[in-house]
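Report on the following structure.
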Amino acid sequence: MTEQTATVEIPHHHDETGTRLGFWLFLYTELFLFAAFFLIYAVYRSNYLVEFRTAAESLNTGIGTQNTIILLASSLTMVLSLNALKAGKARMAKTFLQFTITLGLAFLVIKGFEWGAKFDHHLFLQTTKGIAAGEGSLLLNPSAEMLPVGQVLFFGLYFIMTGTHALHIVIGLIWMIIVYVWISKGSINPDNYGTLERCGLYWHLVDLIWIFLFPLYYLVA
Amino acid sequence: MNGATSVFVSDVDFSFWLIFIISALCLVGITGFVIFSIIKYNRKNNPEPTHIEGHTGLEIVWTVIPTILVMFIFYFGMKGFIKMRSVPENAMEIQVDAGMWWWKFTYPNGLEQTTGQGLTVPVDTPIYLPLHSVDVIHSFYIPAFRVKMDVVPKAEGEKLNYTWFEAGKPGDYDLFCAEYCGLNHAQMLSKVHVLSQEDYDAWFAEASKAQAKLKSESPGKALLISKGCIACHSTDGSKLIGPSLKGLIGKTETVLTDGAERTITVDDTYLRRSLNEPAADIVKGFQPLMPPLPLTPQEVDDLIQYIHELSEETAE
Amino acid sequence: MEPSQSGSYLQSHTSSRWTKGFMSWFMSTDHKRIGIMYGVSMFSFFGLAVLLGFFIKLQKLFPAASGWEIIPPELYGSFFTLHAVIMIFLFIVPGAPAILGNFFLPLQIGAKDVAFPRVNLLSYWLYLFGAVMAVAGIVLGGADTGWTFTPPYSVTTKTISLFGFTVDSVSWMLVATFILGWGTILTGINFIVTIHRMRAEGMTFFKMPLFTWSIYATSWLQVLATPVVGITLLMIVIERILPVGFFDPAKGGDPILFQHLFWIYSHPAVYIMILPSMGLISEIIPTNSQKSIFGYKSIAIASCSIAGVGYLLWAHHMFTTGISDFAAILFSFLTFLVAIPTAIKVFNWTATLYKGSIVLTPPMLFALAFIFNFSIGGLTGMFLGSLSTDIHLHDTDFVVAHFHYTMFGGAAFGIIAGIYHYFSKMFGKMYSMKWANRSFIFMFIGFNTLYFPMLILGFFGMPRRYHTYPDIPVYNNLQMLSTFGSWILVTGVVLVLGTWIHGLIKGKRTTEQNPWNSSTLEWQTATPPTLFNFEEAVVVTREPYDYHGFREDVKNGKAAGVIHD
Amino acid sequence: MKDIFKSINVLNPSIVFIVLVLLTITTVLLSGIDVSDSTAVIIALAVASIKAALVLTYFMHLNHEPLVFKVFLGVAFFTLLVIFLLTFSDYSFREMS
């Protein structure tokens, strides 16, 4: 369509506040993504109150609390990492970031053990019993071995919601590792800390979602 | 009755024509004004536009008037709707079952009517219809009665969707499925037969007797009808959604089992497996569409027995 | 030091690595180039969907009893699904913001680009990837679920085997839609930040042109509604693949809950579709009447209130699904609230014509047709918002006609009007007026011949998504008329696209800055615009539609309402 | 060392963290009390909301952001609220069999 005659470098457009504003909007989309899950949870909880409470009792509150505190601590180290970088202490920022990554990994490991235990008790797979893959399951009479439907819903939601949350943790961890490398290289530095700041915001959002997941699954039994 | 086909017609049509008149006036007004402006204020006629930025009074007028109008419309719509949702105490209950792609109407005494037979009701009698779906969402729609309600599969213990109507004029009316439910959605058609009370009573006695007779003489055939099988499996050899049941015993078929083709001869073992696990072996050339049915062993035996009868007829 | 800005964006570009040909477009972060790329892709998909629609209508030419079968029922299901998926997710939802919003939003507010040019390019890639994936879906077996993907049907419907692989084509389509959703979200975020942070000096919120206002309202809906449907559609994928049942009654789920979640997005989505076109109409009508728009502020506020109220109405798609009577009545009431700002807008546009100096250019013709079609679309909406009539009309051809009147006769006519309006600014070339007018006549007549009979069909109870229909005279005649209409309409679409392509290749070159004498900012720069849109920094002094002041400025030889430092 | 702590402001976030942990422990302890389900949910969600507000305000620095950030947050939460309320206008009024 055209013949090119000139190439122009676009002058780098710096608007940290604007970028942060955009990132916050992105965080709202994440929030709404989880909101759909929470809405489903709320509806089915109101339909199957007793089953939800019974099912919730099989979750280990101790592990849940432990994980909550781990995640809160990781948020704290994230804040400190950013503060350190802003104060010009890049090495300290990296140390705090290491803490955050370690805590995030710890969360995942604990979560993994918890999931594993659930698998061992067939709380997940039991829902599949008698439902051969590929067949319509609609006409199936819930067999005697199956949990009551309300509990099936509870565990289905539990695995999908915590699974999605864990996926966000993994994304956050990958991002933090990238940020860590960039700090080492110096492309993220005390004068240009926007990326670390946004990574932090993302991490806090993951924390924020857990703050609501925790009581809804572990506490209100 | 005022001669309308059902009790809802007057309310729905009143709302319809009320909105229609308001809409028509609006549309004519807007279009008329546009055409008038195009002619009167064409650039040739009117090269210099007049500077107007707005007129608060006018804007208030055309905010307030539509508000009042739509509230009227809302009110009449709601009025008709509340009537549709309030079932009279003395209504006769006919359970509606829907599946891909059949209807079944069950009367209080257990009489069952199929898609082909249609729903037969007496005139001027409120009919209460709980709507039950065995698979996906269908929608029970009788245009002439202005009745529509989705037939939604429900979890155990949940209340079924329902609708009701009171027909006002004897005659035959179309009954459609109005929610897309797959391949034969457009063929999920039935009829509503509205009869005078005497005709209805006569029909009802006759139909109940015929069904009792069929059940005792050929329980398999009765099941075939009441489970909706004949919506997909013919008994005369013609190919519908699924294979025909005629002349089936001893036939050699190529089937797909877990994606692999194999050749089998149809016998009782094969039929039993197919009835209990429809997706296990799919006859080549057909889709795996049949839903697993909750059948008792006795019912399975009855069905196999009837399929044998159908094959013997062919042999004769 | 400022780099060289001479030459139009069609010549100079921002990527240093790819200087020539395809890659200089595909890798470009220039909002104008991205807008054009969107335009080319979208209208290609649009053409495909029109073709599918043509076959859908052809199938309805004769009733079942005649033995007429152009496309078998299996294919019919795939056709109407793909037609809807393309038209909605690939064309009309992202359409106006992505094509014209990308191109003109920065120009209208005096910015050099959008806030995040690279994210903008990423949006386009996501769009293209998702779009190709969705279209490929039909080759992989198609999905016959309708664009609503309503469970349990969408969970139970087929998967097919292809060359020995089992292809879950329904999940495939759902994932494609999810990816498309992210493209839309990122565009929305981009525009909101651009409007908040990058307005030129003097461009206060109430000096923004109405197209910008409508894009602003749209972007909010995109950001806050799309994630909900994205995750909901993924839940269907999860339900198809894993043994978890969110909406499966056998496992205690409620299929109606899916419809809630789906319409929480998809109802605001209809405002995502229509608002930008309303914005375009608000540009075209004052320009072609040479007159200030009637009630600028109330239109701007109406845009935002439509977006806000648009969130409160979703369940009016669900009156027959067995939601509680209380909810049905509440949602019906709320539905009528949105009628009010919509009515205000229509009245304001018509009032703008009063004592104007009207010239019937092709964009003006399409804009006036928009008012007519959209009025029918909006007014038929009242039949569906009113409870008792909705029970009768829901899921019939009436609904199909209603939303085509708003989406096609409204939104798509708006986009077409917009492109006719901005064509010379975008490409520096002009199309043939004669053929543009002809295309309009075919579009307008064809459109109404196709869809008006469907309104009547719906009143007579013709259900939608029927592959064929019972042999009833009123159905036969109206269906046939409607199919004839589809032939005229397809001719019209071919003429529109043909006029543009001809204009691009053979059209007269023009550098005329402001051919329609428009007062808004995007016209007060070179044609086609230079890479950074404006030669100098812009200071806005005038209201956007102050045609009085605009003409004074032109008389005095000043660039209208803009001070160039 | 003390200067470093001061310069990167360790104290304030740490206080917030301690409050968050205390709130977590409180909510776990409160869940042991035998109250009706709705009360339990309300208490749990109220504590969670306080925690969320703390994270938003201090960890995510919303207190230092311009007004527009807070308005956006308000829009997002208001929309969420509307979605929940309107969905329950259906489920709370469904007829039970």
If you scan region B:47-65, which residues turn out to be of a type outside the set (Phe, Trp, Tyr) and within 14 Å of residue C:352 (Cβ to Cβ)?
B:49, B:50, B:51, B:52, B:53, B:54, B:55, B:58, B:59
For the subset of region A:53-103 comprising residues that are within 20 Å of residue A:217 (Cβ to Cβ) and among the hydroxyl-bearing types (Ser, Thr, Tyr), which member is farthest from the other protein chains (Cβ to nearest Cβ)?
A:58
Residue C:256 being more than 9 Å from chain A (Cβ to nearest Cβ), over 19 Å from the mean Cα position of the chain (by Cα) and at pLDDT 90 or above
yes
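Outside any helix (DSSP H, G or I) and small (Gly, Ala, Ser): does that describe residue C:245? Spell out the reasoning first.
Numbers: outside any helix (DSSP H, G or I): yes; small (Gly, Ala, Ser): yes.
It is true that residue C:245 is outside any helix (DSSP H, G or I) and small (Gly, Ala, Ser).
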With respect to residue C:215, determine if the residue is among the β-branched types (Val, Ile, Thr) and either more than 22 Å from the chain's Cα centre (by Cα) or facing chain A (nearest Cβ under 7 Å) (or both).
no
Please go through region C:96-138 and give me each residue that is of a type in the set (Val, Ile, Thr) and in contact with a strand residue (DSSP E or B) (Cβ under 9 Å, 6 or more places away or on another chain), ordered by number.
C:109
Can you tell me which condition residue C:552 does not meet? The list is (1) free of Cβ contacts under 8 Å to residues at least 40 places away in the same chain; (2) within 30 Å of residue C:450 (Cα to Cα), and all the others hold.
(2)
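Can you work out which of the residues in region B:229-275 that are in a loop (DSSP other than H, G, I, E, B) and β-branched (Val, Ile, Thr) is modelled with the lowest pLDDT?
At the first step, the residues of region B:229-275 found to be in a loop (DSSP other than H, G, I, E, B) are B:232-251, B:258-259, B:266-267.
Okay, now just the ones that are also β-branched (Val, Ile, Thr), so B:235, B:241, B:249, B:266.
Values: B:235: 77, B:241: 74, B:249: 79, B:266: 81.
Once the filter is applied, the top-ranked residue is B:241.
Can you tell me which residues in region C:523-549 are part of a helix (DSSP H, G or I), within 17 Å of residue C:200 (Cα to Cα) and without any contact (Cβ under 8 Å) to a residue 60 or more places away in the chain? Reasoning before the result, please.
Within region C:523-549, the subset part of a helix (DSSP H, G or I) is C:523, C:547-549.
Restricting the remaining residues to those that are within 17 Å of residue C:200 (Cα to Cα) gives C:523.
Correct list: empty.
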Counting only residues in region A:117-154 that are closer than 30 Å to residue A:102 by Cβ and modelled with pLDDT of 70 or more, the one farthest from the other protein chains (Cβ to nearest Cβ) is identified as A:117
Kindly evaluate residue C:302 against the criterion of being surrounded by 22 or more Cβ atoms within 10 Å (Cβ to Cβ), under 29 Å from residue B:52 (Cα atoms) and touching a residue at least 12 places away in the same chain (Cβ under 8 Å).
yes
For region C:264-276, state whether one or more residues are more than 10 Å from chain A (Cβ to nearest Cβ), modelled with pLDDT of 90 or more and within 19 Å of residue B:152 (Cα to Cα).
no
Can you tell me which residue within region C:20-74, out of those that are outside any helix (DSSP H, G or I) and in contact with a strand residue (DSSP E or B) (Cβ under 8 Å, 6 or more places away or on another chain), is nearest to residue C:530 (Cα to Cα)?
C:30
Return yes when residue B:148 is charged (D, E, K, R) and at pLDDT 90 or above and no when it is not.
yes
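Residues are listed down the side, and each one gets a yes or a no for (1) within 13 Å of chain B (Cβ to nearest Cβ); (2) modelled with pLDDT under 95:
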residue	(1), (2)
C:463	yes, yes
C:466	yes, yes
C:471	yes, yes
C:474	yes, yes
C:488	no, no
C:495	no, no
C:505	no, yes
C:508	no, yes
C:511	no, yes
If you take the residues in region C:132-155 that are in a helix (DSSP H, G or I) and modelled with pLDDT under 80, which one is surrounded by the most Cβ atoms within 10 Å (Cβ to Cβ)?
C:138
Would a scan of region C:483-492 turn up a residue that is small (Gly, Ala, Ser) and more than 24 Å from the chain's Cα centre (by Cα)?
no
Do we find that residue C:439 is more than 12 Å from every other protein chain (Cβ to nearest Cβ) and surrounded by 24 or more Cβ atoms within 10 Å (Cβ to Cβ) in this structure?
yes
Output the number of the condition that residue C:283 fails; it satisfies all remaining conditions of (1) within 14 Å of chain A (Cβ to nearest Cβ); (2) over 23 Å from residue A:25 (Cα atoms); (3) crowded, with 24+ Cβ neighbours inside 10 Å; (4) touching a Gly at 6+ places or on another chain (Cβ under 9 Å).
(1)
Quick check on region C:65-112: of everything there that is farther than 28 Å from residue C:143 by Cα and aromatic (Phe, Trp, Tyr), which residue is surrounded by the most Cβ atoms within 10 Å (Cβ to Cβ)?
C:104
Take the conditions small (Gly, Ala, Ser) and within 24 Å of the chain's Cα centre (by Cα) and apply them to residue C:67. Does it pass?
no
Considering only region B:15-49, state which residues are exposed (fewer than 13 other Cβ atoms within 10 Å of the Cβ) and facing chain C (nearest Cβ under 7 Å).
B:47, B:48
Take region C:222-246 and flag every residue that is surrounded by fewer than 24 Cβ atoms within 10 Å (Cβ to Cβ), out of contact with any Ser or Thr (no Cβ under 6 Å at 6 or more places or on another chain) and touching a residue at least 60 places away in the same chain (Cβ under 8 Å).
C:234, C:241
In region C:383-407, which residues are among the aliphatic types (A, V, I, L, M) and away from chain B (no Cβ under 11 Å)?
C:400, C:401, C:407
Which of the residues belonging to region A:186-206 are within 12 Å of chain D (Cβ to nearest Cβ) and more than 14 Å from residue A:81 (Cβ to Cβ)?
A:205, A:206
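The values are calculated or read from the model by the stated rules, or taken from the named source; none is laboratory data. Remember, predicted model here, so these are calculated numbers, not experimental data. Note: ideal-geometry Cβ built from the backbone for every residue, glycine included; neighbour counts use all protein chains shown.
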